[in-house]
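Chemist: I'd like to ask some things about the structure below.
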Amino acid sequence: MLAALGAALLAGNFFAFSVFLMRALGGLSAERGIVAMQAITMAIKGLAFLIVFFGTAALAALLAVVAVLQHGAPGSCYLLAGSVVFLIGTFCVTMLRNVALNRALTCVTPGSKEGHETWKRFQSSWGMWNHVRSVTSLVACALFIMALVDGGNPFGTQ
């Protein structure tokens, strides 16, 4: 349940970026867009996001191990699928693509020519990778829910 909730929270966060935040930033000048995204990058490092992001990844890794150890048990296939989708499509994409692009953007001076060129590259790829994170977080959430449904009530009948 916690993995499903974490994946859902992250899906909503990434969805907001995909649907309106990146569109809004794209309407700004390169200098203003860079400054805004640099501020967002600093703010996202807050405790709440980090707990949800890394906590959900840790849960997904643990649940993948549980699913493998309980292979054939009700819900284990959904559990493994949800974990793999989250870890590869959300966690790895974030760490290898979006974070790398964020780091490159934090290293430039907003009003510089280099900043302008970096902003163009940032806009052309960051949003696409964010769409991947949005979809995979949502799919992982659905798979975790399916694992719960298929596995039945873990607390017995009520």
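Throughout, read-outs are computed from the coordinates displayed, never taken from laboratory work. Predicted, not measured: the structure shown is a model, and the values here were computed from it. In this analysis, Cβ positions are derived from the backbone assuming ideal geometry, glycine residues included, and neighbour counts consider all displayed protein chains.
Chemist: If one takes the longest principal axis of the Cα atoms in the chain, at what angle in degrees, from 0 to 90 and to the nearest 10, does the Cα axis of helix 2-16 lie?
Modeler: 30
Chemist: If we count other beta carbons within 10 Å of each Cβ, what is the order of Glu31, Glu117, fewest first?
Modeler: Neighbour counts put them in this order, fewest first: Glu117, Glu31.
Chemist: Now for a separate question. Find how many whole Å separate the alpha carbon centroid of segment 18-83 from the alpha carbon centroid of segment 103-142.
Modeler: Rounded to whole Å, the Cα centres lie 14 Å apart.
Chemist: Show me, for segment 75-90, the HN-Hα J-couplings you get by feeding each phi into the Karplus relation (A = 6.51, B = -1.76, C = 1.60, θ = phi - 60°), rounded to Hz, glycine and proline as x.
Modeler: x, 5, 5, 5, 5, 5, 4, x, 5, 5, 4, 5, 5, 7, x, 10
Chemist: At 0.36 nm per residue, minus the direct Cα-Cα distance, what do Leu47 and Lys120 gain on full extension? Give it in nm, one decimal, please.
Modeler: So the chain would gain 23.3 nm between Leu47 and Lys120.
Chemist: Given only helices, namely DSSP H runs of n ≥ 4 each adding -39500 (n - 2.57), what is the per-residue ellipticity at 222 nm of the chain, to the nearest 500 deg cm²/dmol?
Modeler: Only helices count here, giving -24000 deg cm²/dmol.
Chemist: What is the calculated FRET efficiency for His71 to Gln38, with r their C-beta to C-beta distance and R₀ = 41 Å, to the nearest 0.05? Intermediate results must be reported in sequence, preceding the final value.
Modeler: Values: r = 46 Å, r/R0 = 1.11.
With R0 = 41 Å, the Cβ-Cβ based efficiency is 0.35.
Chemist: Rank-order 49-58, 18-27 by packing density, defined as the average count of other C-beta atoms within 10 Å over each peptide's residues, highest first.
Modeler: Values: 49-58: 15.9, 18-27: 13.8.
The packing order, highest mean first, is 49-58, 18-27.
Chemist: Going by the alpha-carbon gyration tensor, a ≥ b ≥ c the square roots of its eigenvalues, is the chain rounded (a/c under 1.5) or, if a/c is not under 1.5, prolate (a/b greater than b/c) versus oblate? It would help to have the intermediate numbers written out before the result.
Modeler: Working: a/c = 2.98, a/b = 2.79, b/c = 1.07.
Prolate.
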